[in-house]
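A.B. asks: Mind having a look at this structure? Questions to follow.
The values are calculated or read from the model by the stated rules, or taken from the named source; none is laboratory data. Values in this document were obtained by computation on a predicted structure and should not be read as measured data. We place every Cβ from the backbone using ideal geometry, glycine too, and count neighbours over all the protein chains shown.
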Amino acid sequence: MAKWFIITSIMNSDVLVLNRSFYAVQVTSWQRALTLVYTNHASVVDEEYRTYSFEDWRQLSQMIDEHPSGFIKTPRFKIAIPDVIALKLYDRLPTTEVKFTRRNIYEHYGYTCCYCGKKFVSADLNLEHVTPRSRGGKTNWSNIVVSCIPCNLKKGDKTPDEARMKLLVKPEKPKWRGCMAIALNSSIKIRTSWQRFIDNIYWNTELDGE
C-alpha cells in the first residue's frame, strides 16, 4: 500500500466514489481514494468527466498552484487530492437501509409539513404520528410524517380525518437510491464539486461554497 506524506494543509479531504457507470456509491477518505488510483483500481475524475491515471494526475498536479482539497507531498512529488474518483470494475449499487432517525425523516420529507405543505427549519418541525400512539400507532416509516408545530398542536391526539386535516403525502419508507443513501446515511457535508455527479431529484442537502 502506498504511503503518503502530508506537507500541505488539507481543507476538504473527503472524496466521492463513483462506480464504473459514474453513479455515486459512497464517500471515502483521501488516503483510500489515492490508494485506489495508485493501484489502478480507480481513476481520478474532473469536472468535465475526464479521467486520469495516477501518473497523469500526478503530472497535472505539478501545474496546479492551488487546490480546494489541498495537496499531498512526498520527497519526490506533490499530488492534488481528487474530489471524485471512479472505480474501474465495480458497476453495482450498494444495498443498504436508510436508518430510521429524526434527521433522515426530515430529509425524506424535505423539511416540509405534511399537512400544510410549508417548508420550515428543523427547530420548527415535529415528528407526527398519523395514527396516534394512544390508538396503537407505531413509531415507524409507515406511521411517522413531519409536521410544523401549529399543525401538530391542531391535530393533537386525533386521526387526520377526526381533525379534518388532509395528509398531503403518504407516509412511507424511502426507496433505495444510491446517492440519496449517501445523503441520509452520512454526516459528511456534500461538496459543491460533487453536485453534477449526484441525481438532483433525490439530493436535498446543503451544499458548501454557496
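A.B. asks: Restricting the search to the stretch 123-138, which residues are without any contact (Cβ under 8 Å) to a residue 24 or more places away in the chain and of a type in the set (A, V, I, L, M)?
C.D. replies: 123 - this is the single residue of the stretch 123-138 that is without any contact (Cβ under 8 Å) to a residue 24 or more places away in the chain and of a type in the set (A, V, I, L, M).
A.B. asks: Would you mind finding the one in 37, 17, 45 that is among the aliphatic types (A, V, I, L, M), within 18 Å of the chain's Cα centre (by Cα) and surrounded by 19 or more Cβ atoms within 10 Å (Cβ to Cβ)?
C.D. replies: 17
A.B. asks: Check off (1) outside any helix (DSSP H, G or I); (2) crowded, with 18+ Cβ neighbours inside 10 Å; (3) modelled with pLDDT of 75 or more for residue 190 and give me the number that stays unchecked.
C.D. replies: Result: residue 190 passes all but (3).
A.B. asks: Follow-up. Is it the case that residue 5 is surrounded by 12 or more Cβ atoms within 10 Å (Cβ to Cβ) and modelled with pLDDT under 85?
C.D. replies: no
A.B. asks: Return yes or no: is residue 104 closer than 19 Å to residue 165 by Cα, surrounded by 11 or more Cβ atoms within 10 Å (Cβ to Cβ), touching a helix residue (DSSP H, G or I) at 6+ places or on another chain (Cβ under 9 Å) and of a type in the set (S, T, N, Q)?
C.D. replies: So residue 104 does not fit the description; no.
A.B. asks: Consider only pairs whose beta carbons are under 7 Å apart and that are at least six residues apart or on different chains; among these, list those whose first residue lies in the stretch 49-69 and is more than 17 Å from residue 15 (Cα to Cα) and modelled with pLDDT under 90 and whose second residue is of a type in the set (A, V, I, L, M) and surrounded by 11 or more Cβ atoms within 10 Å (Cβ to Cβ).
C.D. replies: What qualifies is 64/80.
A.B. asks: Given the options 74, 35, name the one that is in the same structural domain as residue 86 (by TED's automatic domain parsing) and closer than 15 Å to residue 87 by Cβ.
C.D. replies: After ruling out the rest, the residue left standing is 35.
A.B. asks: Still on this structure: Collect the residues in the stretch 111-136 that are more than 20 Å from residue 161 (Cα to Cα) and of a type in the set (Gly, Ala, Ser), keeping them in residue-number order.
C.D. replies: Hits for the stretch 111-136 are 122, 123.
A.B. asks: Let me ask something else about it. Restricting to the stretch 107-144, and then to whatever is among the aliphatic types (A, V, I, L, M) and within 16 Å of residue 173 (Cα to Cα), can you tell me which residue is surrounded by the most Cβ atoms within 10 Å (Cβ to Cβ)?
C.D. replies: 144
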